[in-house]
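The values are calculated or read from the model by the stated rules, or taken from the named source; none is laboratory data. Keep in mind it's a predicted model, so treat the numbers as computed, not measured. Glycine also receives a Cβ, built like all others from the backbone with ideal geometry; neighbour counts cover every protein chain displayed.
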Amino acid sequence: MDTGRALDADGPTEKCGVVGVSFAERDAALPLYYSLYALQHRGQESAGIVTHDGFQQHSHVAMGLVGDAFSEDDLDALNGPTGIGHVRYPTSGGLDSSCAQPFSVSFKSGSLGLSHNGNLVNAGELRSELENLGHAFTSDGDTEVIAHDLARNLLEADLVRAVKRTMGRIHGSYSLTIMHDDTVLGVRDPEGNRPLCIGKLDGGYILASESAAIDTMDGELVRDVRPGELVVLREGGSGFDSYQLVERENTAHCFFEHVYFARPDSVIDGTLVYEARRGLGRRLWQESGVDTDVVMPVPDSGRAFASGYAEAAEGVEFAEGLMKNRYVGRTFIMPTQDERERAVRLKLNPIRSTVEGRTVTLIDDSIVRGTTSNQLVDLLREAGAEEIHMRIGAPPIVAPCYMGIDMASREELIAADRSTEEIREQIGADSLAYLSIDAVAEVLGEVREDLCLGCVTGEYPYDIEDEATDRDVDRPRIDDQGLPADD
């Protein structure tokens, strides 16, 4: 039975957003609520906040968007100057309230709350081990695995050593905001795959997936959390302490944060996302520019790329040629294939005066399944475009992501087994070109070895079953108790 697909399902889907705050005097709930609004693009399935008033933990987690998940009474009940928050899109675990975050647990050494952005590649192995030790799980998500492992380590070690032990056991991508009793801390995976940053607020400090959340609170970006670093926010919002717990020779920054996921006004690893996308657009012109009457973006993610492309083209008109219906949400379901193929008209409508009788360069951030690209080309031809040249601000996506992005299976990826020319024929464009991997690295100011390129190369920063790997990560040796042997 065909159960349908969400209208936006042709593209990659955001992962999750995390935040944590510590204040001297004010309650944390409202700042967390506003920060989650700023991170709403990273997850729309559920939202949650956990706070601590110095005596006990308070939690509210619900399905839906931030504005629907919390009432004024809910926020009033979340007492205390410290707290963490989360918006979720499910990349591991089911689509139900049992996997919504922050995940909370009380144990012998106190209370624990945890928010996770990313995906573990050894969660099943750790879950089985912890179950054999008597741990009972209430969800099938990997976040609960991290929480149980950390709670176990906190029974035997202080906070910093416990976090280090857990980091030695979990493999994959993660940015975490954690609350142990009333202490808030942030952790970034040793490869820095998922983003996390530190900000200074009026009367406190904040940890967040993106700097846009700090801006929303009228705060000041201090810096990114370093790969393998633990940051502990001091009591009373007076500052933070840093512990570099794991060192790696190379990072594995997710280049797709700059291409697609992050808000354009966020700074990720020292680079403003909007300027990165414009730079990628300029390189796209240099590598594969074609003279046309107009350059137009696929809204909204193609806009900055198209702006940079048109600027580099010098004299080519930049114009909006597709109008987006912002009231068609990502959960809109089309029950049959025929309806899905026409569903793009609900979301995007051509501006005929921009395209009729003209040659067009259409700029998008990526092509995943190819369905939407084909529909857009058809729309523009029906609107009178004489030629349609498609340019993509990222390399072809040839493999799945195992680091926390809901992209597509290998069988669904249009570039997995097709050449660029074959893809061009399938989507119906007059020409098609992608940006090169080297151009992405150069624009982001990185070397290829410091980027996670698994989805465009099939080579991953971690060993994935039935997949290749592009590096031999030097992992800590684990003793017979499941702890780093040198700890």
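Being within 30 Å of SER111 (Cα to Cα) and of a type in the set (Asp, Glu) narrows it down to one of ASP265, ASP181, ASP269, so name that one.
Residue meeting the stated conditions: ASP181.
Regarding the range 134-147, can at least one residue be identified that is over 21 Å from ILE49 (Cβ atoms), surrounded by 21 or more Cβ atoms within 10 Å (Cβ to Cβ), more than 17 Å from the chain's Cα centre (by Cα) and at pLDDT 90 or above?
yes
Pairs only if they're at least six apart or on different chains, beta carbon under 7 angstrom, first in the range 24-43 and within 17 Å of ASP265 (Cα to Cα), second of a type in the set (S, T, N, Q) and buried (at least 24 other Cβ atoms within 10 Å of the Cβ); list them, first residue then second.
Partner pairs satisfying both residue conditions: LEU39/SER209; ARG42/SER209.
If you take the residues in the range 227-257 that are surrounded by 23 or more Cβ atoms within 10 Å (Cβ to Cβ) and over 17 Å from the mean Cα position of the chain (by Cα), which one is farthest from ASP189 (Cα to Cα)?
The selected residue is GLY237.
If you scan the range 16-65, which residues turn out to be crowded, with 16+ Cβ neighbours inside 10 Å, under 20 Å from the mean Cα position of the chain (by Cα) and assigned to a loop (DSSP other than H, G, I, E, B)?
LEU39, GLY43, GLN44, GLU45, LEU65
Would you be able to say whether some residue in the range 451-465 is assigned by TED's automatic domain parsing to the domain that holds ARG303, assigned to a loop (DSSP other than H, G, I, E, B) and either touching a Gly at 6+ places or on another chain (Cβ under 8 Å) or among the basic types (Lys, Arg) (or both)?
Among the residues of the range 451-465, not one is assigned by TED's automatic domain parsing to the domain that holds ARG303, assigned to a loop (DSSP other than H, G, I, E, B) and either touching a Gly at 6+ places or on another chain (Cβ under 8 Å) or among the basic types (Lys, Arg) (or both), which makes the answer no.
What is the number of the single condition among (1) at pLDDT below 95; (2) of a type outside the set (Val, Ile, Thr); (3) touching a strand residue (DSSP E or B) at 6+ places or on another chain (Cβ under 6 Å) that PRO297 does not meet?
Among (1) at pLDDT below 95; (2) of a type outside the set (Val, Ile, Thr); (3) touching a strand residue (DSSP E or B) at 6+ places or on another chain (Cβ under 6 Å), PRO297 violates only (1).
Search the range 162-198 for residues being in a strand (DSSP E or B), of a type in the set (Gly, Ala, Ser) and out of contact with any Ser or Thr (no Cβ under 7 Å at 6 or more places or on another chain), and hand back the single one that is surrounded by the most Cβ atoms within 10 Å (Cβ to Cβ). Steps first, answer last, please.
Filtering the range 162-198 down to residues in a strand (DSSP E or B) leaves 172-180, 183-188, 197-198.
Now drop any that are not of a type in the set (Gly, Ala, Ser), which leaves 172-173, 175, 186.
Next, only the ones that are out of contact with any Ser or Thr (no Cβ under 7 Å at 6 or more places or on another chain) stay: 172-173.
Working: GLY172: 23, SER173: 29.
Step by step, filter the range 162-198, then rank; the result is SER173.
Considering only residues of the range 382-398 that are surrounded by fewer than 23 Cβ atoms within 10 Å (Cβ to Cβ) and hydrophobic (A, V, I, L, M, F, W, C), which is nearest to ILE464 (Cα to Cα)?
Here the answer is VAL398.
Among the listed residues LEU432, LEU444, LEU413, which satisfies the condition of being hydrophobic (A, V, I, L, M, F, W, C) and over 20 Å from the mean Cα position of the chain (by Cα)?
One residue alone meets the criteria, LEU432.
Among the residues of the range 408-421, write down those that are of a type outside the set (Gly, Ala, Ser) and surrounded by fewer than 22 Cβ atoms within 10 Å (Cβ to Cβ). Can you show your working first?
So the first thing to find is which residues in the range 408-421 are of a type outside the set (Gly, Ala, Ser), and the list is 410-414, 417-418, 420-421.
Hits for the range 408-421 are ARG410, GLU411, GLU412, LEU413, ASP417, ARG418, THR420, GLU421.
Taking LEU272, is it of a type in the set (A, V, I, L, M, F, W, C), farther than 23 Å from ILE214 by Cα and either at pLDDT 95 or above or in the same structural domain as VAL87 (by TED's automatic domain parsing) (or both)?
Values: of a type in the set (A, V, I, L, M, F, W, C): yes; farther than 23 Å from ILE214 by Cα: no; either at pLDDT 95 or above or in the same structural domain as VAL87 (by TED's automatic domain parsing) (or both): yes.
So LEU272 does not fit the description; no.
Specify the residue that is nearest to PHE305 (Cα to Cα); the eligible residues are those in the range 408-439 that are of a type in the set (A, V, I, L, M) and either assigned by TED's automatic domain parsing to the domain that holds GLY192 or assigned to a loop (DSSP other than H, G, I, E, B) (or both).
Among residues in the range 408-439 that are of a type in the set (A, V, I, L, M) and either assigned by TED's automatic domain parsing to the domain that holds GLY192 or assigned to a loop (DSSP other than H, G, I, E, B) (or both), the one nearest to PHE305 (Cα to Cα) is LEU435.
Going by what's in this entry, would TYR260 be described as of a type in the set (Ser, Thr, Tyr) and more than 22 Å from the chain's Cα centre (by Cα)?
no
Return the pairs, sorted by first residue and then second, in which the second residue is polar (S, T, N, Q) and part of a loop (DSSP other than H, G, I, E, B), the first residue lies in the range 260-271 and is within 20 Å of ASP406 (Cα to Cα), the beta carbons are less than 6 Å apart, and the residues are 6+ apart or on different chains.
TYR260/SER301
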